[in-house]
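Working notes, structure below.
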Amino acid sequence: MVAQNIIQVDEEIDELFGKPVTKAQIAIIRLVADGMRAQDVATSLKLSKRTVETQLSLIYRRFGIHNVTSLVLWATRNGII
């Protein structure tokens, strides 16, 4: 239920960054920002830990983010959390 609520995102966020940030990526960002580890995020979203780590890596590279603190700051500034 929590995962379903997190994945439902306005289309405005999808278009905010040119190439859309996927709803799954937004869900991952929000859970990481809440302090969850990759394994906990994976369990919550019914994904593999590797998938979560890959998605985070893609987000980090795409937006020049280097750590979780920067991710949270970036997500806050861009209205994701």
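The values are calculated or read from the model by the stated rules, or taken from the named source; none is laboratory data. Remember, it's a predicted structure, so these values are computed and weren't measured experimentally. Methodologically, a virtual Cβ is constructed for each residue, glycine included, from the backbone with ideal geometry; neighbour enumeration extends over all protein chains shown. For accessibility, only protein heavy atoms count, side chains too; no ligands or nucleic acids. Shrake-Rupley method; radii C 1.70, N 1.55, O 1.52, S 1.80 Å.
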Test: Arg50 is free of Cβ contacts under 8 Å to residues at least 24 places away in the same chain and over 13 Å from the mean Cα position of the chain (by Cα): yes
Residue tally, condition open to solvent by less than 60 Å² (accessible area, probe 1.4 Å) and touching a residue at least 24 places away in the same chain (Cβ under 8 Å), over the stretch 53-81: 10
The stretch 19-55 - residue that is within 21 Å of Asn78 (Cα to Cα) and outside any helix (DSSP H, G or I) and, of those, modelled with the lowest pLDDT: Lys19
Scope the stretch 63-81; condition part of a helix (DSSP H, G or I) and either at pLDDT below 90 or not charged (D, E, K, R) (or both); matching residues: Phe63, Val68, Thr69, Ser70, Leu71, Val72, Leu73, Trp74, Ala75, Thr76
